[in-house]
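What follows is a set of notes on a single structure, which appears directly below.
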Amino acid sequence: MKREEKLAFWINIHNALVMHAYLAYGTRHQRVRSASVLKAAYNVGGHCVNAYVIQSSILGIQPHHSSPWLQTLFPGRKWKVGGSGRHAYTLEYPEPLVHFTLCSGASSDPAVRAYTAKNIFEDLKIAKEEFIQGSVYVHKETKLLLPKVLYYFAKDMSLSVQGLLEIVIDSVSSQVQKKWMRNCINRRLDKGIHWLPQSSTFRYFIHADLAAAPTQIEKNTCVPM
């Protein structure tokens, strides 16, 4: 497959696998829920893949779960961020923008869409901008609240905090918000920025492009589940 096809395929497989796991195991207890979702796997061409393997070993990005947390779920196995061994389906090189496409069922995760190879790089940029617009907040005009997904994205892009903030500001359309954000970063960065922890609250946002076309819901809105 071409790179565009691989990206679309693995993003869709990841999100379908996680959603399938929730349907199979339920959503009642957060820790049991997380364990079930991470352990759930598909057989793809004779290779067993779960959400963590897709993120770290195939897509090659910073996984959205820490190694210590994984070690408690899979005792006796060694988990290395980024994966040292090359998986049979590993992409030629990572695409950090996929951080804005992967949903693990938390309310802080990006919306779920169906991706195709056609225009995928444009769609990834749109997903990034929509995620930033819906997830970045300014608190009392003095502190910028950033979701942890942006932290992982910045690490994979080797971005400085300043470089990441420029991307965030460029993704916001409101001039008032841009001004507030610049006021925050003109202070000491450790005082003007706060990283929001990943939410443990279960919620799926299905993007209107995927879920709402038959019901005429306004384009570019999200439907919570």
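The values are calculated or read from the model by the stated rules, or taken from the named source; none is laboratory data. These numbers were taken from a predicted model, which means no experiment stands behind them. Don't worry about glycine lacking a Cβ; one is built from the backbone with ideal geometry, like all the others, and counts go over all protein chains shown.
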(message) Kindly evaluate residue 33 against the criterion of being in the same structural domain as residue 115 (by TED's automatic domain parsing), part of a loop (DSSP other than H, G, I, E, B) and at pLDDT below 90.
(response) no
(request) Evaluate the following for residue 56: is it modelled with pLDDT under 90 and in a loop (DSSP other than H, G, I, E, B)? (result) no
(request) Considering only the stretch 123-143, state which residues are touching a residue at least 40 places away in the same chain (Cβ under 8 Å) and loosely packed, with under 13 Cβ neighbours inside 10 Å. (result) 139, 141, 142
(request) Report, by residue number, each residue of the stretch 188-225 that is among the charged types (D, E, K, R), modelled with pLDDT under 70 and over 23 Å from the mean Cα position of the chain (by Cα). (result) 188, 190, 218
(request) Examine the stretch 96-108 for a residue that is outside the structural domain of residue 19 (by TED's automatic domain parsing) and either of a type in the set (Gly, Ala, Ser) or closer than 30 Å to residue 45 by Cβ (or both), and state whether such a residue exists. (result) no
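Restricting attention to the stretch 82-105, and to residues there that are among the small types (Gly, Ala, Ser) and surrounded by fewer than 18 Cβ atoms within 10 Å (Cβ to Cβ), which single residue is modelled with the highest pLDDT? Quick ask: steps written out before the conclusion?
So in the stretch 82-105, the residues among the small types (Gly, Ala, Ser) come out as 82-85, 88, 104-105.
Among the residues that remain, those that are also surrounded by fewer than 18 Cβ atoms within 10 Å (Cβ to Cβ) are: 82-85, 88.
Details: 82: 46, 83: 46, 84: 50, 85: 62, 88: 87.
Filtering first and then ranking leaves 88.
Based on this model, can you work out whether residue 155 counts as at pLDDT 80 or above, assigned by TED's automatic domain parsing to the domain that holds residue 60 and surrounded by fewer than 18 Cβ atoms within 10 Å (Cβ to Cβ)?
Numbers: at pLDDT 80 or above: yes; assigned by TED's automatic domain parsing to the domain that holds residue 60: no; surrounded by fewer than 18 Cβ atoms within 10 Å (Cβ to Cβ): yes.
In short, no.
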